[in-house]
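One structure is given below, encoded as structure tokens.
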Amino acid sequence: MGPAPWMPPTNPRSQAGGANNSGCPEMVFQMMFFRWHTHEIRVLYLWILQPPIDFFNQLNLIYGSLVGICTASTCATMSAGKRHEYRWADDVSTAKPVRLSAPEYMDRLLSWVQSLLASDTIFPIGLETEYPPDFFDIVCRIFRRLLRIYAHVYRDHLELLTGLNERCHLDACLGHFLLFAIEFRLIDTRELSPLVKVIRSMAANSTS
Ligand SMILES: [Zn+2]
């Protein structure tokens, strides 16, 4: 099982609102890109903090539903179909990417994200604290890696999870994740290639 859901009880991020709040994504992105450390930027950073926590908790639950389904025997490597393989590196203990089984990869990934979200240096609480200069890069790295769990689940375990009546919940989580990530340009569109068919299907269903 992955790490327990992380809930910051007195964190102003919790009241900062979610992806449905009004705002100007282009302006948010541009100001983040240029890293203007103004009071307004810190407010916007707070606004963007809650969704990653929600996405982390959702993926933690999805990972939990894979127990007994996704094992080192069934998934000896972390992949998304036959054409996409992901290797793990956390830039600290494993700077050189290593091949891991899918469950071990996801376990390390979720633990890595949890440690980042819990870091007051990377995700400071309050408006008076400076964000690190690479804050936006870190958020992008988190989203890029979390997407790999969806890619693995959809490409390698969808049939079983659909049989367990998990498909609806899975689609809702992925849809929310993608809408936010694409809106704020947190993921390079090339990273979406393992999920192209799924995304097209979801888009078609949403307009029919
Ligand atoms: Zn698996």
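No value in this document is a laboratory result; all are computed from the given coordinates. Quick caveat: nothing in here was measured; it's all calculated off a predicted structure. Note: ideal-geometry Cβ built from the backbone for every residue, glycine included; neighbour counts use all protein chains shown.
Here are some notes:
- Computing FRET efficiency as 1/(1 + (r/R0)^6) for residue 96 and residue 165, where r is the C-beta to C-beta distance and R0 is 35 Å, gives about 0.30.
- At q = 0.21 Å⁻¹, base-10 log of I(q)/I(0) for the range 125-206 (Debye sum, equal scatterers on each alpha carbon): -0.99
- A straight chain from residue 89 to residue 199 at 0.36 nm per residue would run longer than the Cα-Cα distance by 36.9 nm.
- Net charge contributed by nearby residues that have their C-beta within less than 13 Å of residue 146 (K/R +1, D/E -1): +3
- Semi-axes of the equivalent ellipsoid for the range 106-163, computed as √(5λ) from the eigenvalues of its C-alpha gyration tensor and ordered from largest down, come to 31, 11, 9 Å.
- Per-pair calculated FRET efficiency, R0 = 30 Å: residue 54 and residue 82 via Cβ, rounded to 0.05: 0.45
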